[in-house]
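Single-structure report; data block below.
Every number in this text was worked out from the coordinates using simple rules, so none of it is lab data. Keep in mind that this is a model prediction, so the values were computed, not measured. As a convention, Cβ positions derive from the backbone with ideal geometry for all residues, glycine included, and neighbour counts pool all protein chains shown.
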Amino acid sequence: MPAKKIEAETAEAFGRIFVKGNIPEVNPVRCLACRHCVALCKKLGPDVLDIVDGVAKPVRPENCIGDGACMLACPTKAIFLMSKYETSSAPPSV
Ligand code: SF4
């Protein structure tokens, strides 16, 4: 299968370049609302996540730089995938 070229916005952080456009998917069954991902993302700068109705959610998806730090912070692997952020299906911001 031939590779597909896409145009992507990038973000520079921690001395690296990340491709923007993907946001974390949170498995609500696995999420303990422990806030580890929320705190780390806020501390690193993007501040994408918050706890909504007892589950971590990307409430500021436009801030996501796709570094995947939240995946590493999660003790239950509730954040396992990063998927494309579509403004048309974006969760409401708080
Ligand atoms: S680190 Fe994992 S379990 Fe904790 S709030 Fe975030 S997604 Fe939920």
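Charged side chains reduced to their Cβ positions (Lys and Arg at +1, Asp and Glu at -1) give region 24-86 a dipole of some 200 debye around its Cα centre.
For region 3-45, the dipole from Cβ point charges (+1 on Lys and Arg, -1 on Asp and Glu) about the Cα centre works out to 160 debye, to the nearest 20. Isolated cysteines in the chain, defined as those with no second cysteine Cβ under 4.7 Å, comprise CYS31, CYS34, CYS41, CYS64, CYS74. To make sure I understand the rule: partners must be lysines, Cα under 22 Å from the Cα of LYS4, and not fewer than 8 residues away in the same chain. Which ones qualify? By straight Cα distance, LYS4 reaches LYS20, LYS84.
Arranged by the count of other C-beta atoms within 10 angstrom, fewest first, what order do MET71, MET1 take? Before the final figure, lay out the partial values.
Working: MET71 16, MET1 3.
Ranking MET71, MET1 by Cβ neighbours within 10 Å, fewest first, gives MET1, MET71.
A Gaussian network model of the chain, with springs between Cα atoms under 10 Å, assigns the largest mean-square fluctuation among ALA33, ALA73, ALA13 to ALA13.
Just want the ordering: ARG30, ARG60, from fewest to most Cβ atoms lying within 10 Å of their own Cβ. Spell out each step's value before the answer.
On the way: ARG30 14, ARG60 17.
Least crowded to most crowded, the residues run ARG30, ARG60.
Averaging the sequence gap over all C-alpha pairs within less than 8 Å and six or more residues apart, then dividing by the number of residues, gives the chain a relative contact order of 32 percent.
Taking the inverse of the mean reciprocal distance over all distinct Cα pairs, the Kirkwood hydrodynamic radius of the chain comes to 13.7 Å.
Per the helix-only calculation at 222 nm, which mean residue ellipticity applies to the chain, given -39500 (n - 2.57) for every DSSP H run of n ≥ 4 and division by its residues, nearest 500 deg cm²/dmol?
Details: 2 runs with 14 residues, N = 94.
Here the helix-only value at 222 nm equals -3500 deg cm²/dmol.
Restriction of the trypsin sites (Lys or Arg not before Pro) in region 32-90 to DSSP coil positions whose beta-carbon has at most 12 other beta-carbons within 10 angstrom yields LYS77.
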